[in-house]
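Structure record follows, encoded as structure tokens.
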Amino acid sequence: MELSDSRVINAPKNEVWTALLNPEVLKDCIPGCQEMAGSIEEGFEATVVQKIGPVKATFKGAVQLTDIVEGESCTISGEGKGGPAGFAKGGAKVRLAEVEGGTELSYDVEAKIGGKIAQLGSRIIDGVARKLADEFFTKFQSVVEGPAEESGAVEEGATEAEVKKGWLKRTFGG
């Protein structure tokens, strides 16, 4: 299964790049991720719980960032085993480009599955894979952009940076 898409994130390219390499951000954005530990250099161990059709499984596996071109692109790869349910493996090639209004994040996703979940049929699997990829990148976009501004909550004279509390401030208390 393969799919490609892109979205514009209302944030500078360097902020989007930093978020893409942040394990806490990745953990928060991977649908069903229960825990994740490790480093960019050595890879991450992850536990993900997913329901695919009638099959619910806990996948334990690895997530790695490879083909890193600083500030431009990388590949996020994952592979997990779900016991009798089977296995899932895939990756997303992610590219960043500065555009008017922020940063365009483009991605190409490829996923493969096997075992009991593979017996569900390609229509179900393709639908779930598209949904999971969209969930990841939608959540990633909301984490990077921060919460929407509330009307009436802006003090007069406040700058946009003071109003918008993005993921950097929440993550690092800055």
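Hey, does the stretch 76-84 have a residue that's buried (at least 16 other Cβ atoms within 10 Å of the Cβ), closer than 24 Å to SER142 by Cβ, more than 12 Å from the chain's Cα centre (by Cα) and in contact (Cβ under 8 Å) with a residue 12 or more places away in the chain? Explain how you work it out, then say what you get.
First, pick out the residues of the stretch 76-84 that are buried (at least 16 other Cβ atoms within 10 Å of the Cβ): 76-82.
Those still in the list that are closer than 24 Å to SER142 by Cβ too: 76-78.
From what is left, the residues that are more than 12 Å from the chain's Cα centre (by Cα) are none.
Scanning the stretch 76-84 turns up no residue that is buried (at least 16 other Cβ atoms within 10 Å of the Cβ), closer than 24 Å to SER142 by Cβ, more than 12 Å from the chain's Cα centre (by Cα) and in contact (Cβ under 8 Å) with a residue 12 or more places away in the chain.
Just one of the numbered conditions (1) buried (at least 19 other Cβ atoms within 10 Å of the Cβ); (2) touching a Cys at 6+ places or on another chain (Cβ under 7 Å) is not true of ASP67; which one?
(1)
Might you let me know whether the stretch 38-45 holds any residue that is within 30 Å of GLU100 (Cβ to Cβ) and among the charged types (D, E, K, R)?
Among the residues of the stretch 38-45, not one is within 30 Å of GLU100 (Cβ to Cβ) and among the charged types (D, E, K, R), which makes the answer no.
Looking only at the stretch 130-167, count how many residues are assigned to a helix (DSSP H, G or I), at pLDDT below 80 and not charged (D, E, K, R).
Residues of the stretch 130-167 that are assigned to a helix (DSSP H, G or I), as a first pass: 130-145, 160-163, 167.
From what's left, at pLDDT below 80: 160-163, 167.
Remaining after also requiring not charged (D, E, K, R): 161, 163, 167.
Of the residues in that region, 3 qualify.
Go through ALA11, ALA57, ALA92, ALA37 for me and flag whichever is surrounded by 14 or more Cβ atoms within 10 Å (Cβ to Cβ) and out of contact with any Ser or Thr (no Cβ under 8 Å at 6 or more places or on another chain).
Values: ALA11 fails: out of contact with any Ser or Thr (no Cβ under 8 Å at 6 or more places or on another chain); ALA92 fails: out of contact with any Ser or Thr (no Cβ under 8 Å at 6 or more places or on another chain); ALA37 fails: surrounded by 14 or more Cβ atoms within 10 Å (Cβ to Cβ).
Within the list ALA11, ALA57, ALA92, ALA37, the selection yields ALA57.
Within the stretch 121-147, track down each residue that is of a type outside the set (Gly, Ala, Ser) and crowded, with 17+ Cβ neighbours inside 10 Å.
Taking the stretch 121-147 and keeping what is of a type outside the set (Gly, Ala, Ser), we get 123-126, 128, 130-132, 134-141, 143-145, 147.
Selection gives ILE125, VAL128, LEU132, PHE136, PHE137, PHE140, GLN141, VAL143, VAL144, GLU145.
Since TYR107 meets every condition but one in (1) under 13 Å from the mean Cα position of the chain (by Cα); (2) more than 18 Å from PRO23 (Cα to Cα); (3) not in a strand (DSSP E or B), which condition does it not meet?
Single failed check for TYR107: (3).
Collect the residues in the stretch 86-110 that are closer than 12 Å to LYS60 by Cα and of a type outside the set (Lys, Arg), keeping them in residue-number order. Spell out the reasoning first.
Here is the first cut: in the stretch 86-110, the residues closer than 12 Å to LYS60 by Cα are 86-89.
If the condition is that a residue be closer than 12 Å to LYS60 by Cα and of a type outside the set (Lys, Arg), then GLY86, PHE87, ALA88 are the ones that fit.
Would you confirm, using the coordinates I've provided, whether LYS13 is closer than 17 Å to LEU132 by Cβ and not hydroxyl-bearing (Ser, Thr, Tyr)?
Working: closer than 17 Å to LEU132 by Cβ: no; not hydroxyl-bearing (Ser, Thr, Tyr): yes.
For LYS13, the condition - closer than 17 Å to LEU132 by Cβ and not hydroxyl-bearing (Ser, Thr, Tyr) - is not met.
List, please: which pairs have Cβ atoms under 9 Å, are six or more places apart or on different chains, and start with a residue in the stretch 15-27 that is in contact (Cβ under 8 Å) with a residue 60 or more places away in the chain and end with one that is surrounded by fewer than 17 Cβ atoms within 10 Å (Cβ to Cβ) and outside any helix (DSSP H, G or I)?
Within 9 Å, the pairs are TRP17/GLU70; TRP17/GLY71; TRP17/GLU72.
Okay, residues lined up against (1) of a type in the set (Ser, Thr, Tyr); (2) out of contact with any strand residue (DSSP E or B) (no Cβ under 6 Å at 6 or more places or on another chain); (3) part of a strand (DSSP E or B):
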{"residue": "GLU41", "(1), (2), (3)": "no, yes, no"}
{"residue": "THR47", "(1), (2), (3)": "yes, no, yes"}
{"residue": "GLY91", "(1), (2), (3)": "no, no, yes"}
{"residue": "THR103", "(1), (2), (3)": "yes, no, yes"}
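The values are calculated or read from the model by the stated rules, or taken from the named source; none is laboratory data. All values reported here derive from a predicted model rather than from experimental measurement. Backbone-built Cβ (ideal geometry, glycine too); neighbour counts: all protein chains shown.
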